[in-house]
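Each remark here refers to the structure printed beneath this line.
The values are calculated or read from the model by the stated rules, or taken from the named source; none is laboratory data. Given the structure is predicted, the values throughout are model-derived calculations rather than measurements. Note: ideal-geometry Cβ built from the backbone for every residue, glycine included; neighbour counts use all protein chains shown.
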């Protein structure tokens, strides 16, 4: 083939690559947590309404990337660290405070590292995610977007072990019964709406600091955000 012969442009993605991209997003945002089983080929085929060969190709791509691993006849989200198991005590607010303290120790430096290592395209993506918080949100939609925002940023810190550890801690927080009870109680709904409003503004401030390529400000805004949410959860909710 002549070196001057141009390649034909690729006009669209394959079905398997689109499936792989959707599954990868669920893994990176923690919806499919490290160590958890992947849905079966049959289940994914039904959900995506595609042939199992396309699903198989997508899973093979994730295996090649190292984000999925085989254990016997089943695929699992790859993990390198043991599962983080924590037990709540008698006081659920104390447990929430402990989770936030752990999260703060990890998240503040992880976000600062991400701000130092992230590329311009990813900065723009974070800014776009932050715009999702411009409109008033119900708690379930807010929590979904909140987790996506934080885990997307963490993915850019450049340290796979820190990313996995952070994901496991965040999973404990988002799945904790204590967290759900405080946010879901009818008597707390006015305060919860204020938490959503304050956190949404904080997300936009963090995104602005990323766009400005200012790791020091990212650190300040991230710590202020976590401090504010923890205070509201512990002091304002019943």
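Worth a mention:
- Those helices (runs of 4 or more DSSP H) lying entirely in segment 97-198 with at least 2 residues surrounded by 19 or more Cβ atoms within 10 Å (Cβ to Cβ) and more than 18 Å from the chain's Cα centre (by Cα): 177-184
- Among the residues listed as 216, 197, the single one being over 14 Å from residue 107 (Cβ atoms), in contact with a helix residue (DSSP H, G or I) (Cβ under 9 Å, 6 or more places away or on another chain) and modelled with pLDDT of 95 or more: 216
- The set of residues in segment 36-69 being out of contact with any strand residue (DSSP E or B) (no Cβ under 6 Å at 6 or more places or on another chain) and either assigned by TED's automatic domain parsing to the domain that holds residue 161 or in a loop (DSSP other than H, G, I, E, B) (or both) consists of 39, 40, 49, 50, 51, 66, 67.
- Cβ pairs under 7 Å, 6+ apart, first in segment 90-101 and closer than 13 Å to residue 177 by Cβ, second at pLDDT below 85 and part of a helix (DSSP H, G or I): 92/178; 95/178; 96/178; 96/179; 99/172; 99/173
- Exactly one residue among 149, 133 is under 23 Å from residue 97 (Cα atoms) and in contact with a helix residue (DSSP H, G or I) (Cβ under 6 Å, 6 or more places away or on another chain), and that residue is 149.
- Pairing residues of segment 22-41 that are touching a residue at least 60 places away in the same chain (Cβ under 8 Å) with residues that are buried (at least 17 other Cβ atoms within 10 Å of the Cβ) and in a loop (DSSP other than H, G, I, E, B), at Cβ distances under 6 Å and at least 6 apart in sequence or on separate chains, gives 28/155.
- A count restricted to segment 86-107 and to residues that are at pLDDT below 75, touching a helix residue (DSSP H, G or I) at 6+ places or on another chain (Cβ under 8 Å) and under 20 Å from residue 33 (Cα atoms) stands at 1.
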